[in-house]
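A.B. asks: Here it is: the structure, laid out below.
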Amino acid sequence: MNTVYGDLIELAKIGKFDVIIHGCNCQCRMGRGIALTIKQQFPEALSADYETTVGDRSKLGNFTSAHIYRDGWDFAIVNGYTQFHWKGEGVLADYDAIRSVFRQVKQQFGGKRIGYPKIGAGLARGDWSIIEGIIGEELAGEDHTYVELMSRSLPE
């Protein structure tokens, strides 16, 4: 697993990634975190999410995707269903779902440059040390990069 600091979406826009993955709940909301930014900038990803059934638990571990072609950009966005709901106490991330999403991403996007944020370890309160291990196992042999959001207060 490579690690870089920056903005995942901006890096995709300048051609650093062929595919970016973010974690979603199964409620078709995309209301916070990087999902909100994706929804606002790339309605195609939200449309792909809306093609699924709101609250369908069987979405866990699967994904929808949208290919972005505009303004010179050409990359795919993967909406990985890695948690059932955004409400609740404790860990909302589903580790088995995360594993399944990344396994399927490797099958569909193997050989591509893949970027992702700290999926499941932010708002979903999962343990990043567990999640990064899962990602490393499932994307073994692939060109994949974790993008740590750089704080705006850090000097350039």
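Any read-out appearing in this document is the output of simple, stated calculations on the displayed coordinates, not a laboratory observation. Predicted model only: the values in this text are computed from it and were never measured. Don't worry about glycine lacking a Cβ; one is built from the backbone with ideal geometry, like all the others, and counts go over all protein chains shown.
A.B. asks: Within the set of pairs 6 or more residues apart or between chains, which connect a residue that is farther than 26 Å from Arg70 by Cβ inside the stretch 1-12 to a residue that is outside any helix (DSSP H, G or I) and among the aliphatic types (A, V, I, L, M) with Cβ atoms less than 9 Å apart?
C.D. replies: Met1/Leu139; Thr3/Val147; Tyr5/Val147; Tyr5/Leu149; Tyr5/Met150; Tyr5/Leu154
A.B. asks: Going through the stretch 11-31 one residue at a time, which ones are exposed (fewer than 15 other Cβ atoms within 10 Å of the Cβ) and within 16 Å of Pro43 (Cα to Cα)? Walk me through how you get there before you give the answer.
C.D. replies: Filtering the stretch 11-31 for residues exposed (fewer than 15 other Cβ atoms within 10 Å of the Cβ) gives 14-15, 31.
Result: Gly31, single match.
A.B. asks: Now for a different question. Give Ile21, Ile38 a once-over and let me know the one that is in contact (Cβ under 8 Å) with a residue 24 or more places away in the chain, part of a helix (DSSP H, G or I) and within 14 Å of the chain's Cα centre (by Cα).
C.D. replies: On the way: Ile21 fails: part of a helix (DSSP H, G or I).
Going through Ile21, Ile38 in turn, the sole match is Ile38.
A.B. asks: If you don't mind, another one. Count, please, the residues in the stretch 32-59 that happen to be under 15 Å from Phe84 (Cβ atoms) and either in contact with a Phe, Trp or Tyr (Cβ under 6 Å, 6 or more places away or on another chain) or charged (D, E, K, R) (or both). It would help to see each step written out before you state the result.
C.D. replies: Of the stretch 32-59, the ones under 15 Å from Phe84 (Cβ atoms) are 35, 49, 52-59.
Now narrow it down to the ones that are either in contact with a Phe, Trp or Tyr (Cβ under 6 Å, 6 or more places away or on another chain) or charged (D, E, K, R) (or both): 49, 56-57, 59.
Matching residues across the stretch 32-59 total 4.
A.B. asks: Something else now. Taking Arg99 as the residue in question, decide whether it is closer than 20 Å to Ile9 by Cα, of a type in the set (Lys, Arg) and out of contact with any Ser or Thr (no Cβ under 8 Å at 6 or more places or on another chain). Let's see the steps before the verdict.
C.D. replies: Details: closer than 20 Å to Ile9 by Cα: no; of a type in the set (Lys, Arg): yes; out of contact with any Ser or Thr (no Cβ under 8 Å at 6 or more places or on another chain): yes.
Considered against the rule, which asks whether it is closer than 20 Å to Ile9 by Cα, of a type in the set (Lys, Arg) and out of contact with any Ser or Thr (no Cβ under 8 Å at 6 or more places or on another chain), Arg99 comes out as no.
A.B. asks: Only one of Trp73, Trp86 is over 19 Å from Phe109 (Cβ atoms) and of a type in the set (A, V, I, L, M, F, W, C). Can you tell me which?
C.D. replies: Working: Trp73 fails: over 19 Å from Phe109 (Cβ atoms).
Every option except Trp86 fails the conditions.
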